[in-house]
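First the structure, in the form of structure tokens, and then the observations on it.
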Amino acid sequence: MSDQAVDYHQMWADLGLDLPTHDALLGAVGQLFGDAYLTQDNRPAGMDYLNFVMSEVHGLRIKELDDFRKSGGKVFGTFCLYVPEEIIRAAGGWCVGLCAGAEFAYDQVEQIMPRNTCALIKSFMGFKLAKVCPYFESADLVIGETTCDGKKKAYELLGDLHNVWVMELPQMKREQDMAAWRAEIVELVHKAEETTGNTITAESLRAAIIEVNDKRRALQRIAAACAADPAPISGKDRLLATQVAFYDDVPRFTQMMNALADELEQRVASGEGVTPKGAKRILVTGTPMALPNWKLHDIIEKAGAVVVGEEMCTGSRYYQDLVSESADTVDDMLDDIAAKYLDINCACFTPNDGRIEDVVRMAQELKVDGVIDYSLQFCGLYEMESHSVETAVRDAGLPVLKITTDYSMEDVGQLATRVEAFLEML
Amino acid sequence: MRILGLDIGSRSVDAVWLEDGRIVDWAVADSGFDPGSAATDFVGRDAHDAIVSTGYGRHAARERFGGSAVTEITAYGMGASALFPAAAAVLDIGGQDTKVIALGSGGKITDFEMNDKCAAGTGKFLEVMARALGFSLQEMADAALAAESGVAISSMCTVFAESEVTGLVHRGEDRRRIARGLHESIAKRTLGSLKRVNARGPLVFAGGVAKNPAMVTLIADGFAGEVWVPDEAQIVGAYGAALSAEGSGGG
Ligand code: SF4
Ligand code: SF4
């Protein structure tokens, strides 16, 4: 597919990246990918697309963003599921996810942030401070949100370095919260229109709703195929698909993922799996796993089990619900968007029973043998909610393993022992 | 069928030779700088039909000697319930890690917890503290048992606790009370882990630290159930590993 080794250094330099540091990062990600992904057996052929995307992760896609911007388009960087992609796209903008999943430039980060900040925040700050993320540098506007305290404060610091705008997210889901959230959505409409210079119309908004729904539908198909035993695709590969969904071209990605889903459905029909039938099936729940964070999935799957679902923002929370497609006016569509987004079950809400119900329901639908609850260290929200998750899963008759970790590789040996022991226990 | 179970830990390498589910021989060696060579000696010592390795060196051992590997959790669970079929929980305090395992019916593992991130509360911790107090391990345990009450030790971190102990000694605190306080703080932490996994008695206390009478007394005092210590507390893991082999006769 690629013309082999196009040199993108000029483009990266023009974006203001620190080239030597960036080369080092890219090399490390490539190695990580090779070790975690290219060593897998029985991968679906449809994964070739994602392999290709990964091989061009800072190349071709950045070139596309670059061309888009040169023709007057605007790129919006986001960190959280609550920022509606539909609105950005209806205004003619493109969205890219900026969450980062690798330990990078922590020494610089820790000069401006406490050490005990979660890895996700430290990582995106590190990428920004070290000037190694071309997505960050391609973002004309970064949209933050008042989810957890760490991110809220991090956006203030980020504001010194980048063009940042923050949405206020309620912490409860009552009527008055919905009203406030609906008003924030309108603010986002204005901000998006102002940034792109385009007006959102009923036509553009409807088209965006359908387009993003289609992306979610494709991912839903992939997820649904994993209810089969043997699972037709590894958890790592499914996770990668969700991670890439945050920054790839929407219609192309949807098309490729539907092709992958076709293949998976055929595999299921013919009983073909990525692991032998009877391999232990695991549901992972917890904090999001941003690219290139494949650490836990890699440990689980190298130990012989298969991850069949992710109840996380890089998983079901991203694609399980659609925006209603029945509205005709912009106002009604914004109502639908507000409703769908406020329905996401993130631990920054209280209460958050919906998430617990999702975990138990997914565990049953996917016929898992056990649940692994994953928290990033220093993420008070998910660490705190872990107990409710554990209790509910145990009450449903399934074992749980709680893992708290970060992006470093120091604890991989210990985690592997705990995961292997958990699998032996199932 | 003769099976060799190897437990390759950070402090010692333990071996058990099993024939039809019964231990025919066992051995324990210091890991030293090269746990592989101790293991190689054991492997070469006697003929066997299968090898199962456990402990942190299990994967390396499997690559080197073949056979299979199981985690310490499974190995200790199987070993303890084979030795004591009524066991409902296992505690293992080894050289550098601690594990607690809750067992259900038929010795099935229902939950576990491991502390393997640092030396807090492990054999290594006790060694460092004994040195700081100028005791041997045995003397420290005896001193702890002789004291009526312990000094509260505020840190479980080996480094901080060591300087705390040195400070207490300089202030003229009774070394026996310090020794007791150290044991008490490990016991308290361990009892907390046991509670978190809902461990009930009888509890099998294995691992090198189970040879320490002060630890056994304090755990038994704080635990709501019987505490049993196997005669050869150190080889439970190697025994369990051997039992996990198919056709071991151990079930
Ligand atoms: S976990 Fe919560 S705050 Fe984080 S991305 Fe998901 S929805 Fe946003
Ligand atoms: S993982 Fe937790 S602490 Fe970190 S950004 Fe997400 S919600 Fe905030």
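The values are calculated or read from the model by the stated rules, or taken from the named source; none is laboratory data. From a predicted model like this one, the values you see are computed outputs, not experimental measurements. Quick reminder, even Gly has a Cβ in these numbers, built from the backbone with ideal geometry, and neighbours come from all protein chains shown.
Summary of computed values
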{"read-out": "Residues satisfying the stated conditions in the stretch A:174-195, i.e. in contact (Cβ under 8 Å) with a residue 60 or more places away in the chain and of a type in the set (D, E, K, R)", "value": "A:Asp177, A:Arg182, A:Glu193"}
{"read-out": "Sole residue being in contact (Cβ under 8 Å) with a residue 12 or more places away in the chain and not assigned by TED's automatic domain parsing to the domain that holds B:Glu148, chosen from B:Ala238, B:Ala214, B:Ala199", "value": "B:Ala238"}
{"read-out": "Residues (at pLDDT 90 or above and charged (D, E, K, R)) located in the stretch B:5-21", "value": "B:Asp7, B:Asp14, B:Glu19"}
{"read-out": "In the stretch B:70-101, residue surrounded by the most Cβ atoms within 10 Å (Cβ to Cβ) [restricted to those that are within 10 Å of chain A (Cβ to nearest Cβ) and over 13 Å from B:Ile235 (Cα atoms)]", "value": "B:Ile101"}
{"read-out": "Criterion violated by A:Tyr319 - all others in (1) of a type in the set (Ser, Thr, Tyr); (2) within 16 Å of ligand 2 (Cβ to nearest atom); (3) under 26 Å from A:Ala179 (Cα atoms); (4) crowded, with 18+ Cβ neighbours inside 10 Å satisfied", "value": "(2)"}
{"read-out": "Any hit, the stretch A:346-356, residues being of a type in the set (Lys, Arg), away from chain B (no Cβ under 14 Å) and more than 19 Å from the chain's Cα centre (by Cα)", "value": "no"}
{"read-out": "Positions within the stretch A:346-380 being surrounded by fewer than 21 Cβ atoms within 10 Å (Cβ to Cβ), part of a helix (DSSP H, G or I), touching a residue at least 40 places away in the same chain (Cβ under 8 Å) and more than 12 Å from ligand 2 (Cβ to nearest atom), in sequence order", "value": "A:Asp358, A:Glu365"}
{"read-out": "Test: residue in the stretch B:112-131 that is modelled with pLDDT of 90 or more and within 14 Å of another protein chain (Cβ to nearest Cβ)", "value": "yes"}
{"read-out": "Residue among A:Leu157, A:Leu98, A:Leu120 that is under 30 Å from A:Gly59 (Cα atoms), surrounded by fewer than 18 Cβ atoms within 10 Å (Cβ to Cβ) and within 16 Å of ligand 2 (Cβ to nearest atom)", "value": "A:Leu157"}
{"read-out": "Residue in the stretch A:229-237 that is under 30 Å from A:Ala91 (Cα atoms) and in contact with a Phe, Trp or Tyr (Cβ under 8 Å, 6 or more places away or on another chain) present", "value": "no"}
{"read-out": "Residue pairs meeting the criteria (Cβ under 6 Å; at least 6 apart or on separate chains; first farther than 18 Å from A:Ala102 by Cα and more than 9 Å from chain B (Cβ to nearest Cβ), in the stretch A:409-426; second among the acidic types (Asp, Glu) and surrounded by 18 or more Cβ atoms within 10 Å (Cβ to Cβ))", "value": "A:Leu426/A:Asp369"}
{"read-out": "Long-range neighbours under 7 Å by Cβ, at least six apart or interchain, first residue within 14 Å of chain A (Cβ to nearest Cβ) and charged (D, E, K, R) within the stretch B:49-68, second surrounded by 21 or more Cβ atoms within 10 Å (Cβ to Cβ) and not in a loop (DSSP other than H, G, I, E, B)", "value": "B:Arg58/B:Ile8; B:Arg58/B:Ala69; B:Arg62/B:Ser53; B:Arg62/B:Ala69"}
{"read-out": "Of all residues making up the stretch A:381-414, the number that are assigned to a helix (DSSP H, G or I) and surrounded by fewer than 19 Cβ atoms within 10 Å (Cβ to Cβ)", "value": "10"}
{"read-out": "Test: residue in the stretch A:267-276 that is more than 14 Å from chain B (Cβ to nearest Cβ) and within 16 Å of ligand 2 (Cβ to nearest atom)", "value": "no"}
{"read-out": "Residue that is surrounded by the fewest Cβ atoms within 10 Å (Cβ to Cβ), among those in the stretch A:322-337 that are outside any helix (DSSP H, G or I) and either of a type in the set (Val, Ile, Thr) or touching a Cys at 6+ places or on another chain (Cβ under 6 Å) (or both)", "value": "A:Thr329"}
{"read-out": "Test result for A:Met384, more than 26 Å from A:Pro84 (Cα to Cα), within 13 Å of ligand 2 (Cβ to nearest atom) and not polar (S, T, N, Q)", "value": "yes"}
{"read-out": "The stretch A:359-396, subset within 16 Å of ligand 1 (Cβ to nearest atom) and within 14 Å of chain B (Cβ to nearest Cβ), residue farthest from A:Asp149 (Cα to Cα)", "value": "A:Asp373"}
{"read-out": "Residues being closer than 29 Å to A:Leu296 by Cα and touching a residue at least 12 places away in the same chain (Cβ under 8 Å) - total across the stretch A:1-29", "value": "6"}
{"read-out": "Selected residue (criterion: farthest from ligand 1 (Cβ to nearest atom)) from residues of the stretch A:107-119 that are more than 22 Å from A:Tyr247 (Cβ to Cβ) and assigned to a loop (DSSP other than H, G, I, E, B)", "value": "A:Gln111"}
{"read-out": "Any hit, the stretch A:164-176, residues being over 21 Å from A:Trp94 (Cβ atoms), within 16 Å of ligand 1 (Cβ to nearest atom) and touching a Cys at 6+ places or on another chain (Cβ under 7 Å)", "value": "yes"}
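A quick yes/no check of all residues on (1) aromatic (Phe, Trp, Tyr); (2) over 19 Å from the mean Cα position of the chain (by Cα); (3) in the same structural domain as B:Leu203 (by TED's automatic domain parsing):
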site	(1), (2), (3)
B:Trp17	yes, yes, no
B:Val28	no, no, no
B:Ser31	no, no, no
B:Ser53	no, no, no
B:Ala69	no, no, no
B:Gly123	no, no, yes
